[in-house]
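Chemist: Structure provided below as structure tokens; questions to follow.
The values are calculated or read from the model by the stated rules, or taken from the named source; none is laboratory data. Computed from a predicted model, the values in this text were never measured in an experiment. Cβ placement follows ideal geometry from the backbone for every residue including glycine, while neighbour counts extend to all protein chains displayed. Protein only, heavy atoms only, side chains kept; ligands, DNA and RNA dropped before computing areas. Shrake-Rupley method; radii C 1.70, N 1.55, O 1.52, S 1.80 Å.
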Amino acid sequence: MRALGWLVVAGLLLPLVWAAWVSFAAGEVARPPIDEWSIRWHVRLWTDARWRTALVHSGLVALGAMAVALLTGVPAALARPTVLGRLILLPLAVPPLVLGVGLLPTMHLLGLHGTLVGLMLAQGLLGMPLVYLATRAALTAVPGEVLAAARGLGATPWQVWWRVTLPLTARGIAGGAALAFVVAFNDFFVALFVAGPDAETLPVLIWPALRYSVSPVVASASVWALALAISGAAAGRWVLRARSGE
């Protein structure tokens, strides 16, 4: 079973390895280099203003969406399960394409269409149920006696949350934050409807590049996007886990 598990993991990671290999191609065709390797496409990615800006936009949007998901998902998880808690899960049940179509007139009405703030709010909507579920799962593992003891010793509700509940649920919150970051960084469908020329993210830019011409710069962009997504998720997890003293 362990060998089968490693085989499945290897199969899932193979496309990532192929993309990283192709990103060092020396020619204009997206083929893995054999004899001649080059970093020209990585250099082009960071020297081309459009690609560089899209990569930066994706990182900023992912960070903002993670913050929105935390500010909405965590308080909702702390409250008792209500109808609101069930409504928060709706973005998971709605196809991203349908969600993007619904957000388009909303963002126009708010004057946020084509802005980074609008993208952050829209992507935060996708990450909110992930943070909610992860936090709720972590809260179920917190002994009620510990919270009752803190309140019995005179702690205010805020002190109970900050000094008891948060350290004990930091792992779950960090996991939800990491998921929200990765989902926002890699989302295409919602960004396609909400983003504009001034707020173009990397997935939105990669799509036409793949549709009309497969260039090794797309593989380079995929490698950097993967690296930044993993780094951002790890950073968010580290920040939240630092509060728990681990």
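Chemist: With respect to residue 239, is the statement that it is out of contact with any Cys (no Cβ under 6 Å at 6 or more places or on another chain), within 30 Å of residue 26 (Cβ to Cβ), at pLDDT below 85 and of a type outside the set (Phe, Trp, Tyr) true?
Modeler: no
Chemist: Kindly establish whether residue 105 is of a type outside the set (D, E, K, R), out of contact with any helix residue (DSSP H, G or I) (no Cβ under 9 Å at 6 or more places or on another chain), assigned to a helix (DSSP H, G or I) and at negative phi. Before you say what the answer is, go through the steps one by one.
Modeler: On the way: of a type outside the set (D, E, K, R): yes; out of contact with any helix residue (DSSP H, G or I) (no Cβ under 9 Å at 6 or more places or on another chain): yes; assigned to a helix (DSSP H, G or I): yes; at negative phi: yes.
In short, yes.
Chemist: Right, next: Only one of these is outside any helix (DSSP H, G or I) and exposed (fewer than 15 other Cβ atoms within 10 Å of the Cβ): 86, 50, 80. Name it. Talk me through it step by step, then tell me what you get.
Modeler: Values: 86 fails: outside any helix (DSSP H, G or I); 50 fails: outside any helix (DSSP H, G or I).
None of the other options fit; the residue is 80.
Chemist: Which residue is modelled with the lowest pLDDT, if the candidates are limited to the range 27-39 and must be surrounded by fewer than 16 Cβ atoms within 10 Å (Cβ to Cβ) and either assigned to a helix (DSSP H, G or I) or small (Gly, Ala, Ser) (or both)?
Modeler: Checked the range 27-39; the qualifying residue modelled with the lowest pLDDT is 27.
Chemist: Quickly run through the range 1-23 and pick out the residues that are aliphatic (A, V, I, L, M), under 25 Å from the mean Cα position of the chain (by Cα), more than 17 Å from residue 210 (Cα to Cα) and open to solvent by less than 100 Å² (accessible area, probe 1.4 Å).
Modeler: Correct list: 8, 9, 10, 13, 17.
Residues checked against (1) free of Cβ contacts under 8 Å to residues at least 60 places away in the same chain; (2) open to solvent by 30 Å² or more (accessible area, probe 1.4 Å); (3) not β-branched (Val, Ile, Thr):
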residue: 165; (1), (2), (3): no, no, no
residue: 183; (1), (2), (3): no, yes, no
residue: 187; (1), (2), (3): no, no, yes
residue: 192; (1), (2), (3): no, yes, yes
residue: 195; (1), (2), (3): no, no, yes
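Chemist: Residue check: is residue 155 open to solvent by less than 50 Å² (accessible area, probe 1.4 Å), farther than 30 Å from residue 31 by Cβ and not in a helix (DSSP H, G or I)?
Modeler: For residue 155, the condition - open to solvent by less than 50 Å² (accessible area, probe 1.4 Å), farther than 30 Å from residue 31 by Cβ and not in a helix (DSSP H, G or I) - is met.
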